[in-house]
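Peer 1: Got a structure for you, questions after.
Read-outs throughout are calculated quantities, based only on the coordinates presented, and are distinct from any laboratory measurement. Fair warning: this is a prediction, and the values are worked out from it, not measured in the lab. Backbone-built Cβ (ideal geometry, glycine too); neighbour counts: all protein chains shown.
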Ligand code: NAD
Ligand code: IPM
Ligand code: MN
């Protein structure tokens, strides 16, 4: 029997609650499948920082490298630690492990009322592929003359031909297996060097995929169109920062952040990939036991897909679908279930 070794990094706030439910669902599905899961819990985050003086141990990348996958909850506890401290390891893991595809589906499930009038499950079914290894997220810059009237900051983005090509190719391949549409989102009307390169490479690659209907939109227009006509989007490819913004938007268009799953994938498998919800640690509802665990559960299902356990992943997705269709939800979707009860409802519907 195969055993998949999983590093579980719940993080902070609701990250802890929703990860517990994802783990519960994973264990239930593994119990009735022909694979095993060895789950190691890593208690890193703001609390760990209070005890040890750092958010993660110095050798955290070496530790993580030994696993088949990483299941992450959410990080950030701004009340006690600046976000750039708590979040630095997360961004570092994505880059150090070359998890260059951040895949974030947005699919409105039957039974869930989305925020857009007349836009139901038939209109909202898209995937954003966010470049996850470079772009606006490289740690390159400085603050000068701090505290002085002439203070200034430099923050440099790095966009490489290799980085842009590989995500666009991945996107065109994915579009050919979906509805055959790809939209690239940049902002080349304002930032001609970086996004000019994206535009040039887009033209080169789209000519290799003549069957895919492809277009490019500036990020401001794309944000507006995602609300106005989400049905026009199938696969969306965006740079790191625009992908971040668009996936909160796509998440809410698809029913809310409580449902929005995400992956950070290294397609060549030279290092572990990481699976986590789109949402953060939600300090506003942390400790209340009401966070929706579905985004974490669906991220765990995507992890099983990645580990070659597609039937088990499909069982989880079906159970989530049935739970939502039955109107069983947490308060973010208008229901009255607690986080734990919502996890139980999914487990109950897993079947065997
Ligand atoms: P957030 O995603 O944590 O929350 C935004 C809003 O959505 C809040 O009102 C929250 O209550 C709600 N929400 C989010 N997830 C929910 C869920 N599962 N169920 C019900 N409601 C949910 O974003 P924020 O408030 O901007 O950030 C809070 C902290 O999380 C910050 O420290 C931020 O840096 C961090 N953050 C971390 C990640 C990550 O770890 N990947 C992602 C985004 C934000
Ligand atoms: C996300 C988050 C992170 C990001 C933050 C917390 C660094 O917003 O995963 O979407 O911007 O990538
Ligand atoms: Mn984000």
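Peer 1: Answer rounded, prolate or oblate for the stretch 1-151, using the Cα gyration tensor with square roots of eigenvalues a ≥ b ≥ c: rounded when a/c is under 1.5, else prolate when a/b is larger than b/c, else oblate.
Peer 2: The shape class here is oblate.
Peer 1: Also, I was wondering about something else. For the chain, set up a Gaussian network in which alpha carbons nearer than 10 Å are linked by springs, and say which option among 293, 210, 115 fluctuates the most.
Peer 2: With Cα springs under 10 Å in the chain, the top fluctuation among 293, 210, 115 is at 210.
Peer 1: Mind sorting 16, 346 by how few other Cβ atoms lie within 10 Å of their own Cβ, fewest first?
Peer 2: The fewest-first ordering by Cβ neighbours comes to 16, 346.
Peer 1: Looking at the stretch 1-151, what % of its DSSP beta bridges pair antiparallel, to the nearest 5?
Peer 2: Antiparallel bridges: around 35 percent, rounded to the nearest 5.
Peer 1: Taking 1 over the mean of 1/r across every pair of different Cα atoms in the chain, what Kirkwood radius in Å do you get?
Peer 2: Hydrodynamic radius (Kirkwood, Cα pairs) of the chain is 20.9 Å.
Peer 1: Follow-up question, since we're still on this one. In Å, what Kirkwood hydrodynamic radius results for the stretch 1-85 from the alpha-carbon pair distances?
Peer 2: When all Cα pairs of the stretch 1-85 are included, the Kirkwood radius is 13.8 Å.
Peer 1: Going by how many other Cβ atoms sit within 10 Å of their own, how do 242, 209 line up, fewest first?
Peer 2: In order of increasing Cβ crowding within 10 Å: 209, 242.
Peer 1: Which number do you get for Rg(Cα) / (2.2 N^0.38 Å) in the stretch 114-254?
Peer 2: Against the empirical 2.2 N^0.38 Å value, I get 1.16 for the stretch 114-254.
Peer 1: Could I ask something else about it? So if I take the alpha carbon set of the stretch 117-200, get Rg, then get Rh from the Kirkwood formula, what is the Rg over Rh ratio?
Peer 2: Here the Rg-to-Rh quotient is 1.14.
Peer 1: Let me ask something additional. Just for the chain, what percent of DSSP beta bridges are antiparallel, to the closest 5?
Peer 2: Just about 40 percent of them are antiparallel.
Peer 1: So for the stretch 184-242, considering every pair of alpha-carbon atoms, how many percent are separated by more than 15 Å?
Peer 2: 50
Peer 1: Using a Gaussian network model on the chain with a 10 Å cutoff between Cα atoms, which of 273, 188, 262 fluctuates the most?
Peer 2: 188
Peer 1: With springs connecting C-alpha atoms under 10 Å apart, model the chain as a Gaussian network and identify which of 291, 219, 153 has the largest mean-square fluctuation.
Peer 2: Of 291, 219, 153, the Gaussian network model singles out 153 as fluctuating most.
Peer 1: To continue, here is another question. Taking the DSSP beta bridges in the stretch 114-254 as the whole, what percent of them are antiparallel, to the nearest 5?
Peer 2: Counting DSSP beta bridges with both partners in the stretch 114-254, the antiparallel share is about 25 percent.
Peer 1: Moving to a separate point now. I need the Kirkwood Rh of the stretch 262-315: take the reciprocal of the average 1/r across all distinct C-alpha pairs and report it in angstrom.
Peer 2: Its Kirkwood hydrodynamic radius stands at 12.4 Å.
Peer 1: While we're looking at this one, here's another question. Regarding the stretch 226-295, what whole-number volume in Å³ per residue does the convex hull of its Cα atoms give?
Peer 2: That works out to 127 Å³ per residue.
Peer 1: Okay, helix-only estimate at 222 nm for the chain: each DSSP H run of n ≥ 4 adds -39500 (n - 2.57), divide by all residues, round to 500 deg cm²/dmol; what do you get?
Peer 2: Estimated from H runs of four or more residues: -12000 deg cm²/dmol.
Peer 1: Please arrange 278, 138 by how many other C-beta atoms lie within 10 Å of their C-beta, fewest to most.
Peer 2: Ordered by Cβ neighbours within 10 Å, fewest first: 138, 278.
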